[in-house]
Amino acid sequence: MVVRLHSLLIALALAVAATTGAAAEGAKPHRVAIHVDQNDEAVMNMALNNARHIIEHYREQHEDAEVEIVAYGPGLHMLRDDTSPVKDRIKQMAELSSPSKITFAACNNTKQGMEKRESHAITIVPQATIVPSGVVRLMELQEQGWSYLRP
């Protein structure tokens, strides 16, 4: 009777472990696109705070999260190397986000417009990737199942 109960408990423990592992493996990934279109340090800091909280929440759950901050229009100033008031914070967050991931996308349409108006080349912070269009990038991420957030 004791051996049978012991075997039953082991089988139950293995079943729970297998179910939990399968559920975690089949879980929907945690991915969010954060939209920044304002030249406002407070808005960008809110976006960065949101990203940090998301990453920390899922890290505590032993799950990964992907966050992409997409900047276009006046918001591109937040990713410009010459005008960003938060470039040190962006660098810090990019370095600390592993294993979860934070990325930054800079709109090339906006960049080209700014370069034309200002008559000089614009450099984007090294942590950002230039995408053809910020609004199209947001659409594509949502079409791929990413959540959308606007701080």
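The values are calculated or read from the model by the stated rules, or taken from the named source; none is laboratory data. Computed from a prediction, not measured in an experiment: that's the story for all the values here. Glycine also receives a Cβ, built like all others from the backbone with ideal geometry; neighbour counts cover every protein chain displayed.
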*of a type in the set (D, E, K, R), in contact with a helix residue (DSSP H, G or I) (Cβ under 7 Å, 6 or more places away or on another chain) and either closer than 22 Å to residue 65 by Cα or part of a loop (DSSP other than H, G, I, E, B) (or both), is that true of residue 89?*
yes
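Quickly run through the stretch 75-109 and pick out the residues that are touching a His at 6+ places or on another chain (Cβ under 9 Å), surrounded by fewer than 22 Cβ atoms within 10 Å (Cβ to Cβ) and either under 21 Å from residue 32 (Cβ atoms) or of a type in the set (Ser, Thr, Tyr) (or both).
Start the filter on the stretch 75-109 by keeping residues that are touching a His at 6+ places or on another chain (Cβ under 9 Å), which leaves 75, 83-85, 100.
This time we only want the ones that are surrounded by fewer than 22 Cβ atoms within 10 Å (Cβ to Cβ), so: 83-85, 100.
Within the stretch 75-109, 83, 84, 100 meet the criteria.
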*For residues in the stretch 129-144 being in contact with a strand residue (DSSP E or B) (Cβ under 7 Å, 6 or more places away or on another chain) and in a helix (DSSP H, G or I), which is surrounded by the fewest Cβ atoms within 10 Å (Cβ to Cβ)?*
142
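Looking at 112, 61, 38 in this structure, which one is surrounded by fewer than 19 Cβ atoms within 10 Å (Cβ to Cβ) and under 15 Å from residue 130 (Cα atoms)? Show your work before the answer.
On the way: 61 fails: under 15 Å from residue 130 (Cα atoms); 38 fails: under 15 Å from residue 130 (Cα atoms).
112 is the lone residue from the list that is surrounded by fewer than 19 Cβ atoms within 10 Å (Cβ to Cβ) and under 15 Å from residue 130 (Cα atoms).
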*Is it true that residue 117 is more than 23 Å from residue 42 (Cα to Cα), part of a helix (DSSP H, G or I), modelled with pLDDT under 95 and out of contact with any Lys or Arg (no Cβ under 6 Å at 6 or more places or on another chain)?*
no
